Each structure stands twice: as C-alpha cells, then as structure tokens.
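What follows is a short report on a single structure.
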Amino acid sequence: MTGTLTVVDHPLVAHKITMLRDRDTESSAFRALCQEVTLLTAYEALRHLKTEPVDVETPVAPTRSPLLAGPEPAIVGILRAGLVMVEAILTLIPTGKVGHLGLFRDPETHQPVEYYTKLPDRIADREVLLVDPMLATGGSAVHALDVLSEAGATNVDLLSIIGCPEGVAAVHDRYPETVITLAAMDERLNEHAYIVPGLGDAGDRIYGTK
Ligand code: PRP
Ligand code: URA
C-alpha cells in the first residue's frame with residue numbers, strides 16, 4: 001500500500017527552505033525560519049482536523065459555526081529539533097497538548113536511541129501531529145510512531161521540513177496509513193545518513209552546538 005505524501009508547493013516555503021539550506025544562516029535566523037516554515041506547512045498538515053458546529057451569536061445574527069472537535073489535538077515533538085516546530089504549532093492551536101520524545105541517532109549505526117518520553121493523557125482519543133524537521137533514514141520517525149502506537153494512538157500524522165525518499169519509504173513501509181507532509185523532498189542520503197543537499201544537522205544549527 002502506498003501512503004499519503006504531500007510536499008508543500010509554495011514560493012514562500014521554497015524561499016525560506018533556501019535560507020535554511022544556506023550554511024551561513026546563523027542559529028537565531030535558522031530557528032525563526034524553522035518556525036515560519038512550520039506555520040506555513042502546518043496549514044496543510046492540519047487540514048484534516050475534525051470540527052463540530054457550535055451555536056454562536058455574531059453582532060448581526062445567531063448562527064452555527066465550526067470549532068475544533070475535542071479532545072484537543074496532541075503535538076508530539078522529537079527532541080531536540082522538533083521543539084521549535086512544537087512552539088510554532090502551539091501559536092496555531094494554543095489548546096494543543098504537547099508530547100516529547102527524546103531521541104538521538106547513534107553516530108555509528110544511525111539507529112535512534114530513546115532517552116525521554118512524555119505523552120499527553122488520552123493519546124488514543126486525540127488527533128496527533130508528530131513533528132521533526134528532518135526525515136532522513138526514517139529511523140527516528142518510525143521509532144516515534146512505534147512509541148505512539150504502543151501508547152494507543154491510532155491517528156498520527158507526520159510533519160517534517162525536509163525529507164528524502166528513503167525516509168518516506170521507511171515510514172510508509174511500517175505505517176502505510178501515516179499522512180506525511182514535507183516542505184521539501186530532497187534527493188537522497190549520503191554515506192553518513194545525512195540528507196543531500198539537506199541543511200546539515202538540524203539540532204546543531206537550531207541550538208548552535210556541534
Ligand atoms: C535528527 C533529526 C531527526 C533525526 C532524523 O536528530 O532531528 O530526529 O536526526 O534522522 P533519521 O530519520 O535518520 O532518524 P538527531 O538524532 O541528530 O538528534 P538531535 O535533534 O538531538 O540533534
Ligand atoms: N539529521 C539531521 O539533522 N540532518 C540530516 O541530514 C539527517 C539527520
């Protein structure tokens with residue numbers, strides 16, 4: 001089964017991705033750009049959120065109009081780099097509940113190592129958006145989806161800034177129903193499992209580490 005993949009096609013997103021790719025973009029600008037790209041692409045990634053009609057009185061007339069259906073959506077960020085995306089999405093959904101998954105890639109094997117997990121309650125009842133700027137081998141995303149699945153979540157979509165065919169295939173091989181939204185789909189992985197051309201190490205660039 002082929003899963004759903006959307007690569008957002010918008011000149012503002014393309015412009016900001018180019019600035020993210022630029023090795024001379026400093027951390028403060030890089031963080032801001034990640035947040036801006038997240039806001040622009042979340043519009044697409046959150047398109048399916050369920051709503052329910054409520055009664056409301058405008059200054060002119062009573063009407064029925066949609067509000068997001070409960071319970072509040074969960075935004076789950078893969079640490080470290082996913083944190084900036086979580087903060088951006090909270091500006092769109094201030095009532096969202098936040099989960100954190102601490103994962104890093106082992107430098108030799110490139111396999112994800114889990115060091116922290118904290119998820120909102122009632123995760124099984126919530127629409128969940130998993131966020132991480134980079135979908136490279138897909139190992140981190142698949143591990144995160146495993147954790148969410150074991151916790152009972154059934155309705156999980158993934159938003160990343162840059163992906164590649166290997167990462168998309170890894171997620172859809174294991175979770176074909178996962179809807180993936182990307183701001184850019186790059187060519188491939190290199191021998192160090194970095195996305196080419198990519199933007200380098202997202203966490204290091206966001207936080208100014210090396
Ligand atoms: C980066 C990125 C993803 C992961 C993607 O995190 O933020 O979580 O790599 O790679 P994958 O698809 O091959 O798993 P990293 O492991 O560098 O951790 P960090 O955010 O703490 O720097
Ligand atoms: N993680 C990153 O931050 N960048 C890549 O290109 C691959 C994994």
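Worth pointing out:
- Looking across the range 67-107, just one residue is of a type in the set (Asp, Glu) and more than 16 Å from ligand 1 (Cβ to nearest atom), and that is Glu72.
- Residue check for Leu119: of a type in the set (A, V, I, L, M), without any contact (Cβ under 8 Å) to a residue 40 or more places away in the chain and surrounded by 19 or more Cβ atoms within 10 Å (Cβ to Cβ): no
- Just one residue in the set Thr178, Thr154 is away from ligand 2 (no atom under 15 Å from the Cβ), out of contact with any strand residue (DSSP E or B) (no Cβ under 6 Å at 6 or more places or on another chain) and not aliphatic (A, V, I, L, M); that residue is Thr154.
- When the test is whether a residue is without any contact (Cβ under 8 Å) to a residue 40 or more places away in the chain, not β-branched (Val, Ile, Thr) and not in a helix (DSSP H, G or I), Glu191 passes it.
- Residue satisfying all of: in the range 5-45; in contact with a helix residue (DSSP H, G or I) (Cβ under 7 Å, 6 or more places away or on another chain) and in a loop (DSSP other than H, G, I, E, B); farthest from Ile89 (Cα to Cα) among these: Thr25
- Answer residue from the range 174-210, given it is among the polar types (S, T, N, Q) and within 12 Å of ligand 1 (Cβ to nearest atom) and is surrounded by the fewest Cβ atoms within 10 Å (Cβ to Cβ) among those: Thr209
- Residue list for the range 57-82, restricted to those being surrounded by fewer than 21 Cβ atoms within 10 Å (Cβ to Cβ) and closer than 22 Å to Asp204 by Cα: Leu79, Arg80
- The C-beta contact set for the range 126-149 (first residue near ligand 2 (Cβ under 9 Å from one of its atoms), second residue of a type in the set (Phe, Trp, Tyr), distance under 8 angstrom, 6+ apart or interchain) comprises Ala136/Tyr194.
- Taking each residue of the range 195-210 that is at positive phi and looking for partners that are surrounded by 15 or more Cβ atoms within 10 Å (Cβ to Cβ) and part of a loop (DSSP other than H, G, I, E, B) with beta-carbon atoms closer than 6 Å, six or more apart or interchain, yields Gly198/Asp186.
- Any hit, the range 40-61, residues being under 30 Å from Ala193 (Cβ atoms), within 16 Å of ligand 2 (Cβ to nearest atom) and of a type in the set (Ser, Thr, Tyr): no
- Residue that is nearest to Lys50 (Cα to Cα) [pool: residues in the range 149-173 that are charged (D, E, K, R) and either surrounded by 15 or more Cβ atoms within 10 Å (Cβ to Cβ) or under 16 Å from the mean Cα position of the chain (by Cα) (or both)]: Asp157
- Among the numbered conditions (1) within 25 Å of Ala193 (Cβ to Cβ); (2) touching a residue at least 24 places away in the same chain (Cβ under 8 Å); (3) acidic (Asp, Glu), the only one that Glu72 does not meet is (1).
Readers should treat all values here as calculations from the given coordinates under stated rules, not as data from a laboratory. Model, not experiment: these values are computed from the prediction. All Cβ positions, glycine included, derive from the backbone under ideal geometry; neighbour counts span all protein chains shown.
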